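Written out below as structure tokens is the structure these notes cover.
The values are calculated or read from the model by the stated rules, or taken from the named source; none is laboratory data. In this text, all values refer to a predicted model and were calculated from it rather than measured experimentally. A quick note on method: Cβ atoms are made from the backbone with ideal geometry, for glycine too, and the neighbour counts reach across all protein chains shown.
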Amino acid sequence: MLDPTLLRTRLDEVRAGLATRGDGLGGDLDRLVALDAERRAILPVLESARHARKDVGERIARARRGGEPVEALVKAGQEHAAAIKEHESRLETVEAERREWALKLPNLPHASVPVGRSEADNVEVRRHGAPPEFDFAPRPHWEIGPALGILDFERGARLAGARFAVLTGAGARLARALINFMLDLHTGEHGYTEVEPPFLASTDALTGTGNLPKFEDDLFKVAGEWDLYLIPTAEVPLCNLHRGEILDGRELPVWYVAYTPCFRSEAGSYGKDVRGLIRQHQFDKVELVAYAAPDTSWDVHEALTRHAEEVLKRLGLPYRTMLLCTGDMGFAASKTYDLEVWLPSYEAYREISSCSNTEAFQARRAGIRFRPDGRGKPEHVHTLNGSGVAVGRALVAILENYQQRDGSVVIPAVLRPYMRGLEAIEPAGG
RNA sequence: GGAGGGAUGGCCGAGCGGUCGAAGGCGGCGGUCUUGAAAACCGUUAGCGGGGAAACUCGCUCCUGGGUUCGAAUCCCAGUCCCUCCGCCA
């Protein structure tokens with residue numbers, strides 16, 4: 001949610017900022033501003049009516065104690081009550097519509113974000129490692145995995161349909177090794193607190209992060225009388241951990257990391273990445289979330305991005321860091337870095353992590369505030385999130401970048417302790 | 001799934017439908033006493049939104065949402081969460 005004061009006082013800037021996202025929402029803003037003005041007009045009228053009612057109530061109590069007649073006062077009270085009811089219902093109507101509009105507006109891009117229309121306008125900020133050079137024809141992971149007997153798409157489909165896969169043996173173990181390696185790195189060296197949250201979330205939680213009301217189609221909803229969805233990312237539970245709370249500013253920033261499976265219906269992505277593990281309905285991810293005071297959140301954003309990069313560095317995977325342009329950013333983000341890992345099968349860098357600062361956008365929706373010095377007026381915190389990193393895509397990157405001529409796949413050194421010392425996954429008996 | 005009990009300020013805990021935003025205690029803060037501290041004593045201490053330069057002032061807030069009433073922490077209905085017992089279960 002955008003700052004309502006900003007909407008009131010600097011409408012033109014907001015309009016210009018949102019336009020760079022290319023969502024095309026000029027008229028929406030006018031309606032929103034009108035509703036806001038209407039709300040603010042009703043409020044003082046309603047409040048003075050309430051005051052009058054309260055006043056009459058006290059006079060009745062006093063009259064009664066003094067044994068005086070109260071009929072006229074009661075009559076006046078009834079009239080006030082009727083007026084209040086009327087104003088309240090009007091306010092309710094206006095407020096409901098205002099909120100509906102407000103929740104559908106995306107975040108304003110930060111000034112340092114390049115203006116652009118699509119992926120093509122993103123800016124590379126740094127690069128690490130170089131794509132491997134093979135002296136044989138490298139194969140894509142959807143051939144390597146099944147050949148090694150560690151990855152099975154047919155059986156995934158048998159269990160749940162298209163875009164589901166099964167990992168077996170060393171494949172399953174590799175996924176678990178990646179999860180444990182990442183969690184150990186972030187908790188042990190980067191200072192994160194590990195969380196194991198519910199894997200389902202309520203409408204309120206998903207509204208807090210910005211997934212609802214606009215993107216319900218991307219979610220799996222639980223059938224029956226449940227107000228629950230499968231989480232599309234651990235960002236949802238981690239950002240809602242402190243929903244409705246007032247934090248102590250002296251304890252900021254706070255850092256959370258969680259491993260969870262993630263579930264996305266990927267509606268609207270038909271035909272994209274149909275082969276392999278790149279785009280699945282279910283995938284594992286280790287997610288980083290930070291709550292920061294506004295004056296440090298941009299430093300925290302850089303730090304969090306570096307924490308995600310460290311995973312790729314230690315895994316020895318070549319990657320580059322991209323600053324997303326205005327047109328390619330997610331709904332809640334004010335600024336986003338994507339980490340893209342080299343995938344030989346695509347002969348391209350593909351997204352493996354996305355690190356965003358949402359500033360107060362989510363905090364305003366979710367009511368997360370802090371008191372700077374532990375006292376005084378609460379302000380909204382800034383929330384940040386980043387994949388640290390996507391497990392499925394990391395597994396893909398390892399299979400493809402570490403493949404050998406004989407069909408085996410070398411295990412990156414940092415993962416071997418998690419693989420009982422296994423140095424490579426061999427074709428024969430894994 | 002069945003049967004009960006509960007939700008009040010930072011915490012504990014009172015609260016006949018009418019100056020109740022709420023007794024009392026603890027904790028916190030300020031002070032007296034003391035070389036210093038403790039103890040004791042005195043005072044003070046909820047949040048949110050709006051108006052005002054300020055003193056101050058208006059509204060909302062006793063789990064949430066409805067209802068009854070001139071007036072609800074208090075009465076009625078629905079829901080959420082927590083606890084105990086039974087059943088079931090990893």
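Assess whether A:Val414 counts as being part of a strand (DSSP E or B), away from RNA strand B (no atom under 16 Å from the Cβ) and more than 26 Å from A:Gly22 (Cα to Cα). It would help to see each step written out before you state the result.
Numbers: part of a strand (DSSP E or B): no; away from RNA strand B (no atom under 16 Å from the Cβ): yes; more than 26 Å from A:Gly22 (Cα to Cα): yes.
Judged against the criteria, A:Val414 is not a match.
Would you be able to say whether some residue in segment A:258-265 is in contact with a Ser or Thr (Cβ under 7 Å, 6 or more places away or on another chain), in contact (Cβ under 8 Å) with a residue 60 or more places away in the chain, in the same structural domain as A:Gly161 (by TED's automatic domain parsing) and not hydroxyl-bearing (Ser, Thr, Tyr)?
no
Just checking: which of the helices (runs of 4 or more DSSP H) contained wholly in segment A:1-113 hold 3 or more residues that are more than 13 Å from RNA strand B (Cβ to nearest atom)?
The qualifying helices (runs of 4 or more DSSP H) are A:11-19, A:26-65, A:71-104.
Could you tell me whether any residue of segment A:339-352 is outside any loop (DSSP other than H, G, I, E, B), in contact (Cβ under 8 Å) with a residue 24 or more places away in the chain and within 14 Å of the chain's Cα centre (by Cα)?
no
Could you say which residue among A:Glu302, A:Glu287 is part of a strand (DSSP E or B), assigned by TED's automatic domain parsing to the domain that holds A:Glu235 and of a type outside the set (S, T, N, Q)?
A:Glu287
Could you list, in sequence order, the residues of segment A:174-215 that are under 18 Å from A:Gly392 (Cα atoms) and assigned to a loop (DSSP other than H, G, I, E, B)?
A:Phe199
Checking the conditions here, which among A:Gly116, A:Gly145, A:Gly171, A:Gly156 is part of a loop (DSSP other than H, G, I, E, B) and surrounded by 14 or more Cβ atoms within 10 Å (Cβ to Cβ)?
Going through A:Gly116, A:Gly145, A:Gly171, A:Gly156 in turn, the sole match is A:Gly116.
Any idea which residue in segment A:240-253 is farthest from A:Glu287 (Cα to Cα), counting only those that are buried (at least 18 other Cβ atoms within 10 Å of the Cβ) and more than 15 Å from the chain's Cα centre (by Cα)?
Top of the filtered list is A:Gly249.
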